[in-house]
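The values are calculated or read from the model by the stated rules, or taken from the named source; none is laboratory data. Treat the numbers as computed from the prediction; the structure is a model and nothing was measured. A quick note on method: Cβ atoms are made from the backbone with ideal geometry, for glycine too, and the neighbour counts reach across all protein chains shown.
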Amino acid sequence: DTEVTQTPKHLVMGMTNKKSLKCEQHMGHRAMYWYKQKAKKPPELMFVYSYEKLSINESVPSRFSPECPNSSLLNLHLHALQPEDSALYLCASSEGNHNSPLHFGNGTRLTVT
Amino acid sequence: GQQLNQSPQSMFIQEGEDVSMNCTSSSIFNTWLWYKQDPGEGPVLLIALYKAGELTSNGRLTAQFGITRKDSFLNISASIPSDVGIYFCAPYSGAGSYQLTFGKGTKLSVIP
């Protein structure tokens, strides 16, 4: 079992909906990440939080809004998404030392209708 | 931007055979990570490499950090059906980097 827990596992939402993806880790890691993965493609980095501060935003559209309430929790707020945003959204965490390995959750499978 | 080439893109092998895959780049890296992803799950870390020339094993898996720091390979010995999945290399570009870039993946199929 992964030590990074993501909820929900599946989410279907309309283009006018507002929803949130949640991620939790209790490994004491200080860096947390959101990745987006389309079918048959590698994961693509969206956001990085380091010590609860946003350190990287890979030019992600504003309809995706990350939030890190504390060092164990990471949210991704979704609003006015497009069908092309349908993908597997992966959360990951690492110790926070540069170049430390990432530990991934099993993702949220998002479908935008 | 950095070019990262992972090959082969896919492989079909008989159970019991050995497997080799690699990643090459024109850029220098100081850390190479190898992950495996099963359908419907997140990537799982297999091996982490931190020094040029480093050779590390994890059970039937062996990975090496190329001496030029621009490449890495992963070998799987005596493959079994549960080795099926997609294998990704993921190097870090340099000191102070949080930006982990993934190769395009190698899809492994094992024929019993």
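Some observations on this one:
- Options A:Leu73, A:Leu54: the member that is more than 18 Å from B:Pro91 (Cα to Cα), surrounded by fewer than 21 Cβ atoms within 10 Å (Cβ to Cβ) and within 12 Å of chain B (Cβ to nearest Cβ): A:Leu54
- Taken as a whole, the condition of being at pLDDT below 95 and in contact with a Lys or Arg (Cβ under 7 Å, 6 or more places away or on another chain) applies to A:Tyr51.
- When the range B:10-47 is limited to residues that are assigned to a strand (DSSP E or B) and of a type in the set (Ser, Thr, Tyr), the one that is nearest to the other protein chains (Cβ to nearest Cβ) turns out to be B:Thr31.
- Scanning the range B:14-47 for residues that are free of Cβ contacts under 8 Å to residues at least 24 places away in the same chain, in contact with a Ser or Thr (Cβ under 7 Å, 6 or more places away or on another chain) and either farther than 29 Å from B:Ile111 by Cα or of a type in the set (A, V, I, L, M, F, W, C) (or both) yields nothing.
- Filtered residue count, the range A:9-60, keeping only those that are touching a residue at least 12 places away in the same chain (Cβ under 8 Å), outside any loop (DSSP other than H, G, I, E, B) and within 24 Å of A:Glu84 (Cα to Cα): 20
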